[in-house]
Amino acid sequence: MTAAAAGEITVFLIGMRINRFRDVRSWWPALSAMPRMLRELADDPDSGLLAARNLLGGPRLFYLVQYWESHEKLLAYASAPEQRHRPAWSAFNRGARRNPGAVGIWHETYVVPAGNYETVYGWMPPIGLGQATGIVPIGRRGERAADRLAQVRSRGA
């Protein structure tokens, strides 16, 4: 199986690292804010969030992989004063000034043009892009990765 995605996709990675476990007041608000933001996004079909996956990078590193319809929708959510992100970001910054270095944060954004991604799912449920967009039998897009990438590129050209 392969992802049923078509067109440009925005992939957003966001995470935090607990640098000092004992400073719970510094990292707990950031960690607990994310589930509320994800619920808010899931409850709004026009938000642009297609799917999100929580990942654990060890006992101190938490991160999410998110798939978005567009980078414009991602940026609109991040900057919207009436949404949960802005107040959470402000609270994090206040806490970071009070207790510098207790928690680290990072994010990366990738805007992936159509024809520049490829997925394969064998004997497992779809995750990642396939979870975000659904899946189709791999033969519909070609049997080899090079075929699937070429097919999408030629349709987008």
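The values are calculated or read from the model by the stated rules, or taken from the named source; none is laboratory data. This structure is a prediction, so every number in the text was calculated from the model and none was measured. We place every Cβ from the backbone using ideal geometry, glycine too, and count neighbours over all the protein chains shown. Ligands, DNA and RNA are excluded from the accessible area calculation, which covers all protein heavy atoms including side chains. Shrake-Rupley method; radii C 1.70, N 1.55, O 1.52, S 1.80 Å.
Apply the a/c threshold of 1.5 to the C-alpha gyration tensor of region 40-128 and tell me whether it is rounded, prolate or oblate.
Because a/c hits 1.5 or more and a/b fails to exceed b/c, region 40-128 counts as oblate.
Hey, any idea what % of region 1-122's accessible area is carbon plus sulfur with a 1.4 Å probe?
So the carbon and sulfur contribution to the accessible surface is 57 percent.
Which loop-located chymotrypsin sites (Phe, Trp or Tyr not before Pro) does region 72-126 contain, where loop means any DSSP state but H, G, I, E or B and the Cβ has at most 14 other Cβ atoms within 10 Å?
In loop regions of region 72-126 (DSSP not H, G, I, E or B), the sparsely surrounded chymotrypsin sites (Phe, Trp or Tyr not before Pro) are 123.
With a bin width of 10 angstrom, please list the P(r) values of the chain as percents of all Cα-Cα pairs, from the 0 bin to the one holding the largest distance.
Spelled out per bin, shortest first, that is 10, 34, 30, 18, 8, 1.
Only helices at least 18 Å long along their own axis, judged from Cα atoms, and with Kyte-Doolittle mean hydropathy of 0.0 or greater: name those in the chain from DSSP H. Let's see the in-between values first.
Working: long enough: 24-42 (28 Å, 0.06); 85-98 (20 Å, -1.44).
Helices meeting the span and hydropathy rule in the chain are 24-42.
Based on alpha-carbon centroids, what's the gap between region 1-69 and region 75-126 in Å, whole number please?
Distance between centres, Cα-based: 6 Å.
Taking the Cα centre of the chain as origin, sum charge times position over the Cβ atoms of Lys and Arg (+1) and Asp and Glu (-1), and report the length of that vector in debye to the nearest 20. Mind dumping the intermediate values first?
Details: 20 positive and 13 negative charges, 150 e Å.
It comes to approximately 720 debye.
May I ask you to rank 8, 40 by accessible area, largest first, using a 1.4 Å probe over the protein chains only? Before the final figure, lay out each step's value.
Working: 8 80, 40 40 Å².
Output order, biggest surface exposure first: 8, 40.
Scan around residue 20 for amide H atoms under 5 Å from its own, H built in the peptide plane at 1.01 Å from N, and keep only partners 5 or more places away or cross-chain.
Result for residue 20 returns nothing.
Which value, in Å², gives the accessible area per residue of the chain when a 1.4 Å probe is used on the protein heavy atoms? List each step's numbers first, then the result.
Working: 9350 Å² over 157 residues.
Result: 60 Å² per residue.
Once phi is turned into θ = phi - 60°, what whole-Hz ³J(HN,Hα) does the Karplus curve with 6.51, -1.76 and 1.60 give for every residue of region 4-12, x standing for Gly and Pro?
Once θ is set to phi - 60°, the couplings for region 4-12 become 8, 4, 9, x, 5, 10, 10, 10, 10 Hz.
Residue 142: net charge of surrounding residues, Cβ under 11 Å, Lys/Arg +1, Asp/Glu -1, itself excluded?
+1
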